[in-house]
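The structure appears below as structure tokens.
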Amino acid sequence: MKLWTGRFHKELDKTTNDFNSSISFDSRMAKEDIEGSIAHATMLGECGIIDKEESQKIIEGLEGILSDLSSGALQIDPSAEDIHTFVEGELTSRLGDAGKRLHTARSRNDQVALDVRLYLKKQCDLLYGQLSDLVKVLCKKAEEYSGAVMPGYTHLQRAQPITFGHHLLAYGEMFKRDLSRLADTKKRMDVCPLGSGALAGTTYPLNRLRTAELLGFSGVTHNSLDGVSDRDFCMELASDIAIAMVHLSRFSEEIILWCSWEFKFIELDDAFSTGSSIMPQKKNPDIAELVRGKTGRAIGDLTTLLTMMKGLPLAYNKDMQEDKEAIFDACDTLHMCLTAFIPMVDTMRVLPENMRKAAAGGFINATDCADYLVGKGLPFRDAYKVTGALVAYCIEHTYTLESLPLEIYRQHHELFSEDVYEAISLERCVNGRKVLGGPSPENVRTEAKRLLQETEKMEAAYSACAG
Ligand code: ARG
């Protein structure tokens, strides 16, 4: 059924219909479309815009459609123009004239803006729950490995000693920011556009606040042009998702490195790795690689939305139908990635001895050696130079700073004495980094607790204001 047959003399060309149709991807909003229509019909009845009995008939008809769709008794017609057309057509074929009254004081333009908001609010909740789970897993693991010394890197060169727990909490902080971005996005998304009509509102005496209340929105949009043509909430969510995916991708990149034989800092559980069809020894980190790879899609989805919107005059334009595939794909991608990623991280075997071994090479205690001299009164720049010369000496004569004889130290500077070995021990280097936000085991335990508590608080606040 077409909703706009009045001024046309011909049926729409079949291939054009397929091109124009959005049913293949917007049918996933069937439930939201029906919920929106039920609220609209309720309000129309309450305001006396349509008959009370007719409103009731419409509501029951819509409930019937919803339950038939979920039981499978009713199939979505793939030739329908979109989900809105399909539901209204089905309602009219069931109810006759009453069905035709549903669209009073409404346009598909405010209807689609509503459906997408309703659908994405639920997606925010789903992703919020998953991201909080991830933060919790990271807090647990960080606490467990708060004392596991590993090399910290800059330029992928061993730089200074840190702890594995500290490294995990760095990701914990990123995902916590992702949580707060999601919560923020949902807040701005949480306004009801129904009543904006096609673009210019309506002459019917609607109670917009009532419809918003029935649908659980915190408020309504305040400009009809903006109400139908705003897709900021899609762009914002896609941006949140792209950023979260970038975080997951960096983490994945590290997991891929860590489980290589070159690092061997971790081993992935067999349930979360794959083999090779030809090389019997292989155990591949496919999940982490796929997450890294799929990040491209999420970034692409954001780019699609920004580019699609950038040249559009007010108000609705059909270009905007393209919002759905992009934002749905972004949501699905993050959802799927987190579903696989969280248990993969939760079950990975951490190999602290190998981390410790890697930390013992590469002179990552050189800064601490310089700091030792500073402690003895030498200005840092001089201490830096002396230590640089020591490192060069060690490389040339295959020593580490730990194994270098005291007399050689003393040949480089007379301030060195026996206690230098204690000062440059890895444990001492890590334990000493107690500055707020530093990697000492003590700090990691405190920060893991704090992050967990803050995440739980954020979750509680999120569900308290969940619209
Ligand atoms: N399928 C359309 C979309 O997704 C619904 C809105 C159609 N409105 C219109 N005036 N053609 O954007």
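The values are calculated or read from the model by the stated rules, or taken from the named source; none is laboratory data. Nothing here was measured: the structure is a model prediction, and the numbers come from that model. Cβ coordinates were reconstructed from backbone atoms using ideal geometry, including for glycine residues, and neighbour counts include every protein chain displayed. We work out accessible area using only protein heavy atoms, side chains counted, and drop any ligands, DNA or RNA first. Shrake-Rupley method; radii C 1.70, N 1.55, O 1.52, S 1.80 Å.
Extension gain for GLN411-ARG188 works out to 73.6 nm (0.36 nm per residue, less the C-alpha to C-alpha distance). Helices from the chain with mean Kyte-Doolittle at least -0.5 and a Cα length along the axis of 20 Å or more, per DSSP H: which? Helices meeting the criterion: 30-46, 52-71, 108-144, 232-258, 286-309, 323-347, 380-396.
List residues of region 301-338, by number, whose backbone nitrogen lies under 18 Å from a label position 7 Å along Cα→C-beta of ASP286. Only 336-338 fall inside the zone, counting backbone N under 18 Å.
In whole percents, the pair-distance distribution calculated for region 334-467 from its alpha-carbon pairs, binned every 10 Å from zero, is 10, 28, 25, 16, 13, 7, 1, 0.
Direction-averaged projected area, Cα convex hull, region 358-399: 2.8 nm², rounded to one decimal.
Relative to its Kirkwood radius, the Cα radius of gyration of region 186-338 gives an Rg/Rh of 1.19. Here the chain is treated as a sphere whose radius is the Kirkwood value from Cα pairs; by Stokes-Einstein at 37 °C and 0.692 mPa s it diffuses with a coefficient of 125 µm²/s.
Report note on the peptides 327-335, 208-216: ranked by the mean count of other C-beta atoms within 10 Å, highest first, their order is 327-335, 208-216.
Keeping to pairs on different chains or 8 or more places apart, tell me how many lysine pairs in region 1-115 have Cα atoms under 16 Å apart. Lysine pairs meeting both conditions in region 1-115 amount to 5. Here the gap between ASP51 and HIS155, fully extended at 0.36 nm per residue and compared with their Cα-Cα distance, gives a gain of 30.4 nm. Each stretch of four or more DSSP H residues adds -39500 (n - 2.57); spread over every residue of the chain, this sum gives -20500 deg cm²/dmol at 222 nm. Legend: residue pairs LYS294/LYS357; LYS141/LYS282; LYS141/LYS376; LYS176/LYS434; LYS141/LYS294; LYS283/LYS449, Cα-Cα distance threshold 28 Å; pairs beyond threshold, LYS294/LYS357; LYS141/LYS376; LYS283/LYS449. How charged is the neighbourhood of ARG208? Take every other residue with its Cβ under 13 Å from the Cβ of ARG208, and add Lys/Arg as +1 and Asp/Glu as -1. The answer is -1. Using R0 = 41 Å, the C-beta based FRET efficiency linking LYS357 and ARG381 works out to 0.80. The modelled label-to-label distance for the pair SER180/SER24, using points 7 Å beyond Cα in the direction of Cβ, is 4.2 nm.
Using the 1.4 Å probe convention, the accessible area of region 353-467 works out to 54 Å² per residue with neighbouring protein chains retained. Stretching the chain fully between GLU144 and SER276 yields a gain of 44.3 nm (0.36 nm per residue, less the alpha carbon separation). Kindly state, to the nearest 0.05, the FRET efficiency for LYS10 paired with LYS100, given R0 = 25 Å and r defined as their beta-carbon distance. That gives a FRET efficiency of 0.65.
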